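A quick write-up on the structure given underneath.
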Amino acid sequence: MEKHLTRLTVLICTLIMCFIISEVIIRGFYYYFSNYNMEMWRYASEIKRPISNNKLPFHHFPNREGIYYGVNIATNSIGFRDNEYSIEKYPGKKRILFLGDSFTFGWGVPLDSLYSKLLEQMLNEDGSEIEVINAGIGNYNSRMEVELFKLKGMDLNPDLVILMYFINDVEPTPKRISSFSYFIRSKSYLYGVLFDRYLKLKTLFLDNFTWRKYYTNLYSIDSEGFLDNYESLKELSNICKQNKIKLLIVNIPELRELKNYPFPFATEYIRKFANDNDVYFFDLLPHFRDYDPPSLWVSNEDPHANSKTNMIIAKVIYEMISEKGPNWF
């Protein structure tokens with residue numbers, strides 16, 4: 001018995017030492033082999049925090065800052081990646097609030113190149129006083145965006161809410177994790193490396209994995225995320241109508257393939273929701289069809305919208321708002 005305990009103790013100590021050594025080595029050489037997945041993990045572990053809401057399992061820490069995927073990311077006092085705005089809206093000013101995921105958050109793009117900030121600049125060039133606030137959070141779905149609007153966005157009293165819809169917004173809301181699991185996931189660089197390898201192996205060994213199959217399954221009528229998505233959008237629409245807030249849904253195309261767009265079912269889903277619920281809708285796909293997809297990406301491994309793409313989006317939304325007239329919202 002004593003011999004077994006000794007062996008077990010030695011094994012545990014060896015594993016602990018291997019973990020510590022691996023952690024030290026990975027931290028020391030991290031920037032030589034970091035990639036998109038690992039930088040996303042680091043952003044999630046350092047900028048995000050869990051909260052006690054089953055429909056909104058995480059949000060940004062306020063007043064956090066760091067360099068992620070080569071770009072400075074800083075949050076303001078309410079946890080948004082934006083300049084500081086007062087909660088109270090000044091008389092005479094109008095306010096636009098963007099809801100969205102990592103595209104709106106601006107993954108891989110400097111703050112002043114985000115479409116929210118570019119739109120604010122364009123709208124105010126004629127002397128208007130319009131604040132455009134970016135409430136985008138990486139890895140959010142529509143349910144989480146609506147919950148964030150209820151938690152933080154309503155207090156900002158926006159005149160116009162722009163929901164930037166992306167095809168994966170029907171993914172199920174992540175489950176809350178234990179404090180111990182959160183600690184390991186957020187503090188261990190070894191976990192970040194293993195997480196990256198897991199994602200790559202998962203895709204490699206899935207039978208005939210394609211993005212078309214993945215997204216098609218998400219839009220199955222009995223999918224948990226799909227059903228919750230519709231309910232969340234309906235709730236957002238009702239809240240805006242009750243509070244006399246204009247709501248605009250803008251569809252962001254999946255940027256991997258544009259000429260023969262393979263995901264029209266997702267576009268038609270969100271378009272139909274908007275039409276059925278008397279919500280303004282705008283599809284960005286026609287404005288990107290003639291572009292070479294990689295020219296719109298943050299990097300060759302990361303098809304998030306780069307600065308060029310953000311500028312195109314800002315101009316298109318600006319033109320649409322301008323056509324509606326100054327009193328549209």
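Bear in mind that the values in this text are calculations on the coordinates, not laboratory data. Note that the structure is predicted; figures quoted are calculated from it, not measured. Note: ideal-geometry Cβ built from the backbone for every residue, glycine included; neighbour counts use all protein chains shown.
The table for this structure:
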quantity	calculated
Among His60, His304, His287: highest mean-square fluctuation, GNM of the chain, C-alpha pairs under 10 Å	His287
Share antiparallel - DSSP beta bridges, the chain, percent rounded to 5	30
Label zone at Asn63, where the point sits 7 Å out along the Cα-to-Cβ direction: the stretch 87-125 residues whose backbone N lies under 17 Å	87
Length-normalised contact order for the stretch 11-118 - Cα pairs under 8 Å, 6+ apart - percent	15
Net lengthening on full extension, Ser223/Asp292 (0.36 nm per residue, minus Cα-Cα)	21.6 nm
Those trypsin sites (Lys or Arg not before Pro) in the stretch 161-198 that DSSP places in a loop and that have at most 13 other beta carbons within 10 Å	Lys175
Between helix 264-276 and the chain: long-axis angle, C-alpha atoms, 0 to 90°, nearest 10	50
Packing rank of 308-319, 258-269, where each peptide gets the mean count of other beta carbons within 10 Å, highest leading	308-319, 258-269
Rg [Å, one decimal], Dmax [Å, integer] - the stretch 209-329, C-alpha atoms	16.0, 48
Full-stretch length increase - Glu46, Ser22 - with 0.36 nm per residue and alpha-carbon distance subtracted	6.6 nm
Peptides 139-147, 218-226 ordered by average Cβ neighbours within 10 Å, highest first	139-147, 218-226
Candidates per GluC sites (Glu not before Pro) in the stretch 103-132, loop by DSSP, up to 10 other Cβ within 10 Å	Glu125
Segment Arg7-Arg197, extension gain: residue separation times 0.36 nm, minus the distance between their alpha carbons	65.3 nm
Cross-link pairs Lys272/Lys308; Lys55/Lys94; Lys55/Lys150 - those with Cα-Cα distance over 19 Å	Lys272/Lys308; Lys55/Lys94
Those residues of the stretch 224-258 whose amide nitrogen sits under 16 Å from the label point placed on Lys308, 7 Å along Cα→Cβ	255-258
Rg(Cα) / (2.2 N^0.38 Å) computed for the chain, rounded to two decimals	1.09
Rounded Å value of the spacing that divides the Cα centres of the stretch 73-134 and the stretch 251-329	19
Descending principal axes extents, the stretch 78-175, alpha-carbon based, whole Å	44, 27, 20
CD proxy at 222 nm, helix term only [per DSSP H run n ≥ 4: -39500 (n - 2.57); per residue of the chain; nearest 500]	-14500 deg cm²/dmol
Rounded to whole Å, sorted largest first: equivalent-ellipsoid semi-axes of the stretch 159-273, Cα gyration tensor	30, 22, 13
Cβ-derived FRET efficiency at R0 22 Å, Asp155 paired with Asn54, nearest 0.05	0.55
Rg/Rh ratio calculated on Cα atoms of the stretch 50-103 (Kirkwood radius)	1.02
Ser181/Asn208 FRET efficiency (R0 41 Å; Cβ-Cβ; nearest 0.05)	0.80
Peptides 105-114, 82-91, 271-280 ordered by average Cβ neighbours within 10 Å, highest first	105-114, 271-280, 82-91
